[in-house]
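Okay, so here's the structure we're looking at.
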There are 2 protein chains.
Amino acid sequence: MLLFYKTELNMTHDILRKRIEIAQGKRPADTVIKNAKIVNVYSHDITEGDIAISDGIIAGIGTYSGVNEINADGCYAIPGLIDSHIHIESSFLSPEEFGRMVVPFGTTTIIADPHEIVNVCGEEGFRYMLEAAKRTALDIKFMVPSCVPCSPFENSGAVIDAKTVAELLQNENVVGLAEFMNYVGVINSDEECLNKISAALNQNKRIDGHAPGLLGAGRQAYISTGILTDHECSTIEEMQQSIANGMFVELRNGSACHNLYVLIKGITPNNSRRCLLCSDDMQPVTIFENGHINGDIKACVEGGLDPITAIQMGSLNAAECYGLTDRGAISAGKRADIVLTDNLTDFNVRKVFINGTLTAENGTYLPQITKQDISAVSGSVHIDKFSSDKLRLSLSSQNVKAIGIIPGNIVTKCINAAVTIGDDGCFQFDPKHDIVKIAVIERHHNTGNVGLGLLTGYGIRHGAIAITIAHDSHNIIAVGVSDEEMTLAIKTLAEQGGGIVLVKDGKVLDKMPLPIAGLMSDKDARTVEANLKRINTAAHEQLGVDTYIEPISTLCFMSLPVIPELKVTDKGLFDVRRFEFTEI
Amino acid sequence: MLLFYKTELNMTHDILRKRIEIAQGKRPADTVIKNAKIVNVYSHDITEGDIAISDGIIAGIGTYSGVNEINADGCYAIPGLIDSHIHIESSFLSPEEFGRMVVPFGTTTIIADPHEIVNVCGEEGFRYMLEAAKRTALDIKFMVPSCVPCSPFENSGAVIDAKTVAELLQNENVVGLAEFMNYVGVINSDEECLNKISAALNQNKRIDGHAPGLLGAGRQAYISTGILTDHECSTIEEMQQSIANGMFVELRNGSACHNLYVLIKGITPNNSRRCLLCSDDMQPVTIFENGHINGDIKACVEGGLDPITAIQMGSLNAAECYGLTDRGAISAGKRADIVLTDNLTDFNVRKVFINGTLTAENGTYLPQITKQDISAVSGSVHIDKFSSDKLRLSLSSQNVKAIGIIPGNIVTKCINAAVTIGDDGCFQFDPKHDIVKIAVIERHHNTGNVGLGLLTGYGIRHGAIAITIAHDSHNIIAVGVSDEEMTLAIKTLAEQGGGIVLVKDGKVLDKMPLPIAGLMSDKDARTVEANLKRINTAAHEQLGVDTYIEPISTLCFMSLPVIPELKVTDKGLFDVRRFEFTEI
């Protein structure tokens, strides 16, 4: 088994002496990366030479010999890449498997916001992530979720108050308070919001932002509290305002959401030091196809950015933003987080070193995988009070409001439509209309809550789908053409401890358990990717979901009551425009 | 009396609420700076508008009204300036008076290394500086001196070992370990050196460097320990190596030492973010004539640098280097440390705000001055065992080695010369030769140590001069044409508790007490400047010191045994080239 180091504050003169002697060639280095073209993000140029490593730290750059010598064969050596904002859970992978997936693409540090699992499992979920993170060579720094629950209009699995935030912030692997999505709360001086922000400020920790479309005085009020970053800028104007007001702007290139391509055009030599790269939400398929931060850097270069500037955004700038003074560059005294890449156009990754250890090579993660025990975050589906009659939707009129899906978007439209009412006075699926029932079943506290709505634009015309990934409270979302099939999907989901279930013709068609909080698999990324692909194909081909819609990732946002226009939570149908519940 | 704030980690939601409301114009600001041209060091441009301030912090930039409105009259608003490395003691002023002097020039934060007073008074001196610093609006962040004593070849007043370093680093106003001058110790892995460095690394504090001429593997070894800055680069090559290896380079423009003018030519748009400004050692006369950091910025602009880049070097870059995340720019959420200047060429300072309070206006510091009690650092001259016969220099040969002054330089030459020997077999001053006796008298521990040497190139031909400023151990240095006059100067110095004494014709000609550790006056800068000017004039005109030599500031480096070639300490004549004591 390969070993790797974690940064710890246990420096001694013995460690320093060895490093000093290696730097001066007085003793062989632990490892030398020979013959590299080294990208220098400080001086913005490229040097040819060897990199000498001592106890995981770079001792020097020049001509060196070592106990272990690895020939870079003229590859470019760039600093280990940093994803400045990501939710691991969106990959459906555990931290261990997420590390195995992304390290071969050159990612060596991520700033993770475990917002999803904490919404389900609370502090227990946070601790699980911290522990699991110790089992991957990827260095995972955490932010404490700031908005759990995300809104008062739904039941989540947990509440993280300001006092708990203050406690969790003290962990040595926590660098700050995660994206403060409740920007309305901030600019309206909600006391609990401000207490959470104060907790971070008083511990001198960073605070991430999330303020789509907030401009002018509102944005300044938000920033005046010390909120330091934003990954939600959708226009160059928003980006420029954010930078001018002192923010670091994270250019996002996730599986679903991308502002990177728009914002690249706003990057100048004068503002690039305030720009970072992030993925926010990434599924395995996207990473296997396009890479991770290395893919973003490639996109930046294709978009006209100088390669070294793009590399700075994915390394030094992120390290500076989050106060990670031990990394972000290839230079003496920094962590030996080093990526070897063929060229500075494709950014194909050949080898990845983390803390001086060769950790990935030609796409393969080298350390042996061990797994954190998941029992504390398993068995998260609690729906004893659920019964199929809770899905009955009695209507007084054929004229209804339906949630209208916009392909490729998590914003929905409120659609007025006419539906068929059965003899029992309840909604009845009519194959002539693309309108189906959608239900959100509370799954954390056995409340028995079920919220009902109607969905159009999804296309399903057979069977049912049920999932436990339901932003941000992660209740169960079920859609289907019959209550019976929806019930079967829901109950099967409960039996397998969460995940995804497809039902057709009264039988389970396919399923993927997600035992970790109902959000993450215990399997590897390739298995998860294959399962998802098979499930999506079945949803399209067997159940009739429209081919231009991602069946699962679209569905899981239908319960998020902070994104317009119409959504459904376990408490009922919610009009986001008016911020109030509404009738069908 | 005007009040000002000190940054403290006591944020509450009340403070934030007020700031948020002010940012949005929902209530009047405490103070508004109206009609400014605001220099934005993030976006590298200039915005016209008002700056709203809440409890000392900037709430927003735009159109605001406030309880207190101050019209900037179209002046440029630039961030409060930061001197990234300075020894306050070299100004001969206490921290309170230093603040009064530099704040009107736009300096709002300094990173101070109290190396001199700590060499005299040890921890007591450090604590005095911390306490005195609380009495000035200037925000003084301290570094813990790393090299006390400076060398083993002299007696200093105190020893600061690694354990003490670790303790002092814990103070909240301490940002790191001061310039590690003993770079030879570092690259040779001296255990005590490495223990001090470890102490700083383990507390995640910054470490300043000082490594003149150290290049290649040696520089990398030095940097590999985490040493982060250097202010001793004398060539563009040295600067480029330092930046490429991850250092911040401090361009120095002190009273005596300037590398700024050379290094400006090496600054590029790609490396400027790693460049800072510092003064290291500044006397009042230089500040009153040329300004402080504002003068450096002016010099940068005259040297061809873009004004906003130069301002970044004197603000944002220094804040980033030292982890001062609360300052360095004019933007919402940052400390309202703001300087109003007429233009971006001369950088004449009109008004200075510190933490939102108007602190200086048209050259005048506004807060009332209160003084820290100096009794703990007074009475620092202890020479009970001194007697004039200790100055007798018996010579076996007329052929001697003399310390040869090089005008404008602290490096000396070893000069071979012939001198006159008196009937008593001792050196005797001969008006035909420019060679006088120089003595270093230990003054901390009553050891009775007196080191003797000969000095040429100084020009003194009447009387004697004695001072307690004697880098870095700050013993007494005396020069003169007769033992009697030297003795009178030394004894008068002891009676007045240190400072400067001039003797002519057997009588005291002039004197300036420096009661604070024998290094600093308790008077204001204008008084000190006038005294120094009068004393220097007297030394030139009455005692005959060469007019192209600064009588006092040249003399006080004659005991520094780490600067070539020949120096004298209380232990004797020292050949710096061989690093050993030598015979006259």
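Numerical summary
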| quantity | calculated |
| --- | --- |
| Whole-number accessible area per residue in Å² for chain A, which is evaluated in the context of all protein chains at 1.4 Å | 33 |
| Coordinate range along principal axes, alpha carbons of the protein assembly as shown, Å, largest first | 133, 69, 46 |
| Per-residue mean of C-beta atoms belonging to partner chains within 10 Å, peptide B:488-496 | 0 |
| Per-peptide average of other Cβ atoms within 10 Å, ordering A:202-208, B:375-381 highest first | A:202-208, B:375-381 |
| Ratio Rg/Rh, restricted to region B:215-312 and using Cα atoms, in which Rh is the Kirkwood radius | 0.98 |
| Dimensions (Å) - region A:448-584, Cα atoms, principal axes, largest first | 42, 30, 30 |
| Local electrostatic count at A:D510 - Lys and Arg +1, Asp and Glu -1, tallied over other residues with Cβ under 12 Å | +4 |
| Compactness relative to 2.2 N^0.38 Å, alpha carbon Rg of region B:1-151 | 1.26 |
| Distance from region B:79-112 to region A:14-44 (C-alpha centre basis), Å | 38 |
| Estimated FRET transfer efficiency (A:I236, A:Q368; beta-carbon r; R0 56 Å; 0.05) | 0.75 |
| Histogram of C-alpha separations across region B:267-366, 5 Å bin width, % | 2, 12, 20, 24, 24, 14, 3, 0 |
| Amide H partners (placed H, <5 Å) of B:R350, local residues excluded | B:L340, B:T341, B:D342 |
| Derived scalar couplings ³J(HN,Hα) [region B:168-180; Karplus, 6.51 cos²θ - 1.76 cosθ + 1.60; whole Hz; x for Gly, Pro] | 5, 4, 6, 4, 5, 8, 9, 9, x, 9, 6, 2, 8 |
| Region A:83-129, relative contact order [Cα under 8 Å, separation at least 6], % | 46 |
| Charge dipole (the protein assembly as shown, unit charges on Cβ, about Cα centre) - positive-most of A:G157, A:P307, A:G379 | A:P307 |
| Unit charges on C-beta of K, R, D, E only; dipole of the protein assembly as shown, Debye | 220 |
| Descending Cα extents along the principal axes, region B:208-263, whole Å | 31, 19, 15 |
| Cα-based shape type of region B:343-466, given that a ≥ b ≥ c are square roots of the gyration tensor eigenvalues and the cut on a/c is 1.5 | oblate |
| Helix A:13-23 vs. chain A, principal-axis angle (Cα, 0 to 90°, nearest 10) | 70 |
| Net charge of Cβ neighbours under 13 Å - reference B:T527; Lys, Arg +1; Asp, Glu -1 | +1 |
| Estimated FRET transfer efficiency (B:D45, B:T268; beta-carbon r; R0 25 Å; 0.05) | 0.80 |
| Those trypsin sites (Lys or Arg not before Pro) in region B:370-462 that DSSP places in a loop and that have at most 10 other beta carbons within 10 Å | B:K432 |
| Shape call, region B:331-370: gyration tensor on alpha carbons, a/c limit 1.5 | oblate |
| Volume in Å³ per residue [convex hull over Cα atoms, computed for region A:128-174] | 81 |
| Placed amide H near B:E550: partners under 5 Å, 5+ positions off or other chain | B:G408 |
| Around B:E565: net Lys/Arg minus Asp/Glu count, Cβ-Cβ under 13 Å | +3 |
| Residue-averaged 222 nm ellipticity for chain B, from DSSP H runs of 4+ at -39500 (n - 2.57), nearest 500 | -7500 deg cm²/dmol |
| Table column - 3J(HN,Hα) (Hz), region A:551-557, Karplus curve with 6.51, -1.76, 1.60, x for Gly and Pro | x, 7, 6, 6, 4, 6, 9 |
| 5 angstrom amide H check on B:T569, placed H, neighbours 5+ away | B:F574 |
| Accessible-area ranking of B:T447, B:T345, largest first, probe 1.4 Å | B:T345, B:T447 |
| For region A:32-189, with +1 on Lys and Arg beta carbons and -1 on Asp and Glu, the positive-most of A:S91, A:N119, A:C147 along the dipole | A:S91 |
| Whole-Å distance, taken between Cα centres, linking region B:532-584 and region B:438-495 | 10 |
| Charge dipole magnitude, Cβ of K and R +1, D and E -1 - region B:262-345, Cα centre, debye nearest 20 | 320 |
| In Hz, Karplus ³J(HN,Hα) per residue of region A:309-319 (6.51, -1.76, 1.60; θ = phi - 60°; x = Gly, Pro) | 4, 5, 5, 4, 4, x, 8, 3, 4, 5, 4 |
| Euclidean distance of C-alpha centroids, region A:243-280 and region A:119-198, integer Å | 24 |
| Two-site FRET efficiency, B:T582 against B:V508, from Cβ-Cβ distance with R₀ of 22 Å, rounded to 0.05 | 0.05 |
| Region B:1-100, relative contact order in percent, only Cα pairs under 8 angstrom and at least six apart counted | 26 |
| Residue mean of other protein chain beta carbons inside 10 Å, A:272-279 | 1 |
| Over chain A, relative contact order from alpha-carbon pairs under 8 Å, at least 6 apart, % | 15 |
| Computed P(r) (all Cα pairs; chain A; 20 Å bins; percent) | 21, 52, 24, 4, 0 |
| Check: region B:419-479 dipole with +1 on Lys, Arg Cβ and -1 on Asp, Glu Cβ, in debye | 140 |
| Alpha-carbon gyration tensor eigenvalues x 5, square-rooted, for region B:431-526, Å | 21, 16, 12 |
| Exposure rank, largest accessible area first [B:C278, A:C121; 1.4 Å] | A:C121, B:C278 |
| Whole-percent carbon and sulfur share, accessible surface of the protein assembly as shown, 1.4 Å | 48 |
| A:S234, A:S396, A:S279, ranked by accessible area, largest first (probe 1.4 Å) | A:S396, A:S234, A:S279 |
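The values are calculated or read from the model by the stated rules, or taken from the named source; none is laboratory data. Quick caveat: nothing in here was measured; it's all calculated off a predicted structure. Neighbour counts are summed over all protein chains in view; Cβ atoms, including those assigned to glycine, are modelled from backbone coordinates with ideal geometry. What goes into the accessible areas is simple: the full protein's heavy atoms, side chains included, and nothing from ligands, DNA or RNA. Shrake-Rupley method; radii C 1.70, N 1.55, O 1.52, S 1.80 Å.
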